[in-house]
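In what follows, a single structure is set out as structure tokens and then discussed.
Read the figures in this text as sums done on the coordinates, not as results from a lab. The shown structure was predicted, so the numbers you read here are calculated from the model rather than taken from an experiment. Methodologically, a virtual Cβ is constructed for each residue, glycine included, from the backbone with ideal geometry; neighbour enumeration extends over all protein chains shown.
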Amino acid sequence: MSQNPYAAPHGSVSPGEERTMGTLAHAIPLVAMVVSAGLLGFVASLVLYLIYKDRGPFARENAANSLNIQITMGIVMLVSIPFMLVLIGFLTWGIALVVAFVLHLLGALKANRGEWWRPPLTLRLVH
């Protein structure tokens, strides 16, 4: 059985492709989060992490950062639900969405420039 000579080996991508993957790792969850009021951003980040984690260190770092942003903001949003009874939860939910939006936007911009970056205000659960 012969291998396809045009297929790139698993995990072998150019630096430009890694920058693109890093940018997408933030941009796609950003759009999903905006469209779903914050609920689908986690799914997008998880799927992208599973796809990009073995494609190169830069792509993996950005996909992990994206997932860490979503996990951290998901925890804040989950804690916000019971506080919605006293109205403060609506404020914390909104703040979590804004913070995640800004962090994903900064992450996408920095990844597009090829800059390594660790987002502030996030737990580092996925590496």
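In terms of the mean number of neighbouring beta-carbon atoms within 10 Å, the peptides 105-115, 24-34, 54-64 order highest first as 24-34, 54-64, 105-115.
Ordering 81-90, 95-104 by mean Cβ neighbour count within 10 Å, with the highest value first, yields 95-104, 81-90. Dimensions of the chain based on its C-alpha atoms, expressed as ranges along the principal axes with the largest first, amount to 64, 31, 25 Å.
Under the convention that each Lys and Arg Cβ holds +1 and each Asp and Glu Cβ holds -1, the size of the dipole of the range 15-112 around its Cα centre is about 40 debye.
Once the Cα-Cα distance is subtracted from the 0.36 nm per residue extended length, the Leu78 to Leu125 segment shows a gain of 15.2 nm. Were the residues from Asp54 through Leu39 laid out at 0.36 nm apart, the gain over their Cα-Cα distance would be 2.8 nm. Helix 41-52 sits at what angle to the longest principal axis of the chain, using alpha carbons and giving 0 to 90 degrees rounded to 10? Helix 41-52 and the main axis of the chain meet at about 20 degrees.
Taking every C-alpha pair closer than 8 Å and separated by at least 6 residues, the mean separation divided by the residue count of the chain gives a relative contact order of 30 percent.
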